[in-house]
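Have a look at the structure below, then the notes.
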Amino acid sequence: MLKLLKKIKETTFRKTNFKAFSLFLLLSIIIWILIQFSKTYQKIIEIPVIYQEHPKDKIITKKKDVITVKITNTGFGLTKLAINKPSLAIPLNELPERKNNLYFSVNKNKALIENQLTSAFKSIVYLTDTLKIPFQQKAVKKVPVISAIKTKYAAGFSSKNGIQLSPDSIKIIGEQDYLEKINFVSTKPKTLVDLNQSKTANIAIEKPKFKNIQVTPEKITYSIDVQKFTEGELAIPITIINAPPETEISFFPKEVVVVFSVPLEYYQEIDKTDFKVVCDYGAIIKNQDFLIPKLTKKPEVITNFRLNTNKVQFVIKKK
């Protein structure tokens, strides 16, 4: 019994002694860490720069930069910096320029920089003297706008002039090298269906694929004059032109039918005398035994016109 009590007493002592040792070791580590973090250190860091307020007439070609500094601080301060990484906003619109570069003097702008930094930067030495920021001068070019609007009319309706754009040309602004490759811009794609009345609306411009290209204006107006149309047809006599002298040309048919669409309000005003169909003998190529009729005169109000034949047979007779 005495042996058992002695053994229990020794075991309890060892456990108590181990707990005390562990607690002492932990406190020692914490004190050591506090001492180390309280010491002063020097560290070189790079602070990322964010460019703001870009000049409207320039394209900044360098997107990223850093200002390198050496700071003196405690371990606590450096740890804080590692967690909350700083950055600097630098406005570009009033910087001096020379030979296609803007220049930001660190020494002259210390107040701007240090107002954005935390208290961790109390002791700071700037290792970057000046930021050199390259740019390209923006160029301006005027280009036509092409419509990418498709139209589908309701039965019996059409438009004489189709889609009209206003303005029909715009300015593009960007690097000269890119502008030289752009000869036109287009509207955003759009489809108008079942059109039975006139329409006017705005549409955005499809921006060119090249980088840093601006368009102005970014939206234009399109309009389409839709009218009720009907189909008409008239038989028009054929006229031969540029025939050789002292020859007589016999041809068939003597007239062709012109098929056309016309706004309903103008249908009654259309007359044969408003049209002219000619065959140009001088346009015949070797061994060709037919003439090609062409419509050379027509009313402005008609659309979708065509001839019902595209060949006229002929025979030459000497007078």
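Just so you know, all these numbers are worked out from the coordinates, no wet-lab data involved. Please read all numbers here as calculations on a predicted model, not as lab measurements. No Cβ is skipped: glycine too gets one built from the backbone with ideal geometry, and neighbour counts run over all protein chains shown.
Observations on the model:
- Nonlocal amide H pairs with V226, under 5 Å, H built at 1.01 Å: S198, K199
- For q = 0.20, 0.24, 0.25 Å⁻¹, Debye-computed log10 I/I(0) when each Cα of segment 222-278 counts as one equal scatterer: -0.82, -0.99, -1.03
- Relative contact order [Cα under 8 Å, 6+ residues apart], segment 139-225, whole percent: 40
- Each 5 Å bin from 0 upward holds the following percent of the Cα-Cα pairs of segment 38-136: 2, 12, 24, 22, 15, 11, 7, 4, 2, 0, 0.
- Computed P(r) (all Cα pairs; segment 139-225; 10 Å bins; percent): 17, 45, 24, 12, 2
- According to the Kirkwood relation over distinct C-alpha pairs, the hydrodynamic radius of segment 151-282 is 19.4 Å.
- For V49, neighbours were defined as the other residues whose beta-carbon sits under 9 Å from its Cβ, and their charges (Lys and Arg +1, Asp and Glu -1) total 0.
- Sequence-separation-based contact order of the chain, relative, with Cα cut under 8 Å and 6+ spacing, percent: 12
- Cα extents of segment 270-319 along the three principal axes, largest first (Å): 40, 24, 17
- Going by neighbour counts of Cβ atoms within 10 Å, the residues T303, T216 line up, fewest first, as T216, T303.
- Rounded to the nearest 20, the size of the Cβ-charge dipole of segment 229-318 about its Cα centre is 460 debye, with Lys and Arg at +1 and Asp and Glu at -1.
- For V256, nonlocal amide neighbours, meaning residues 5 or more places apart or on other chains whose placed amide H falls under 5 Å from its own, are I236, I238.
- Cβ charges +1 (Lys, Arg) and -1 (Asp, Glu), total dipole of the chain, debye: 2980
- Comparing the chain with the 2.2 N^0.38 Å rule of thumb, its C-alpha radius of gyration ratio is 2.19 (two decimals).
- Expected 222 nm ellipticity per residue - DSSP helices of 4 or more, -39500 (n - 2.57), all of the chain, to 500: -5500 deg cm²/dmol
- In Å, descending, principal axis extents of the Cα set of segment 229-318: 48, 21, 18
- Amide H to amide H distances under 5 Å link E206 with S186, T187, K188, where only residues 5 or more positions off or on other chains count and H is placed in the peptide plane.
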